[in-house]
1. Label ARG85 and ASN100 with points 7 Å out from Cα along Cα→Cβ: what is the distance between them in nm?
2. Determine the share of the chain's accessible area contributed by carbon and sulfur atoms, expressed in whole percent, with a 1.4 angstrom probe.
3. Per residue, how much accessible surface does region 2-105 expose to a 1.4 Å probe? Answer in Å², no decimals.
4. Taking the Cα centre as origin and putting +1 on Lys and Arg beta-carbons and -1 on Asp and Glu beta-carbons, what dipole magnitude results for region 1-44, to the nearest 20 debye?
5. Separation of region 58-100 and region 18-56 by C-alpha centroid, Å?
6. Take the cross-link list LYS60/LYS92; LYS20/LYS97; LYS43/LYS77; LYS3/LYS46; LYS5/LYS42 and give me the ones stretching past 32 Å between alpha-carbons.
7. GNM on the chain, C-alpha springs below 10 Å: top fluctuator among GLY37, GLY90, GLY70?
8. Using only the heavy atoms of the protein chains and a 1.4 Å probe, how would THR14, THR99, THR44 rank by accessible area, largest first?
Amino acid sequence: MQKIKKGDDVIVRTGKDKGKSGRVLKVFADDKLLIEGINQVKKTQKANPNAGVSGGIITKEMPIHISNVGLYNPITKKSDRVGFRVLDSGIKVRFFKSTNEVVDA
């Protein structure tokens, strides 16, 4: 079970986008995340008339390491650390370490 999953709201803790927040679009196997609107770079793209792609400079998101982000806690309105807990019903869930509230109910 991952501490941060696709669809979670996160806040960047370090780097050039520190303090910005976004939604996780994709989780890669090498502990990297693709976050909407975060770590944007400009790339040059070659035109491909067969595929209908025009050339030029495009802006796209690049992956960021999972250690540089924290899960957004709506109660404290800050980023928070995440732990795991097994409920009485036997279900393993994530919880915020500062408030002990369950993330996925």
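1. Going by the 7 Å Cα→Cβ label model, 0.7 nm.
2. Numbers: 3530 of 7090 Å².
Carbon and sulfur together cover 50 percent of it.
3. Values: 6980 Å² over 104 residues.
Counting only protein heavy atoms, the per-residue value for region 2-105 is 67 Å².
4. Values: 12 positive and 6 negative charges, 29 e Å.
Charge dipole of region 1-44: 140 debye, to the nearest 20.
5. 22
6. Values: LYS60/LYS92 35 Å; LYS20/LYS97 21 Å; LYS43/LYS77 34 Å; LYS3/LYS46 37 Å; LYS5/LYS42 26 Å.
Correct reply: LYS60/LYS92; LYS43/LYS77; LYS3/LYS46.
7. Most flexible of the set in this elastic network: GLY90.
8. On the way: THR14 70, THR99 45, THR44 120 Å².
Most to least solvent-accessible, the answer reads THR44, THR14, THR99.
The values are calculated or read from the model by the stated rules, or taken from the named source; none is laboratory data. Keep in mind that this is a model prediction, so the values were computed, not measured. Every residue, glycine among them, receives a Cβ derived from its backbone with ideal geometry; neighbour counts consider all protein chains shown. Heavy atoms of the whole protein, side chains included, go into the accessibility calculation; ligands, DNA and RNA do not. Shrake-Rupley method; radii C 1.70, N 1.55, O 1.52, S 1.80 Å.
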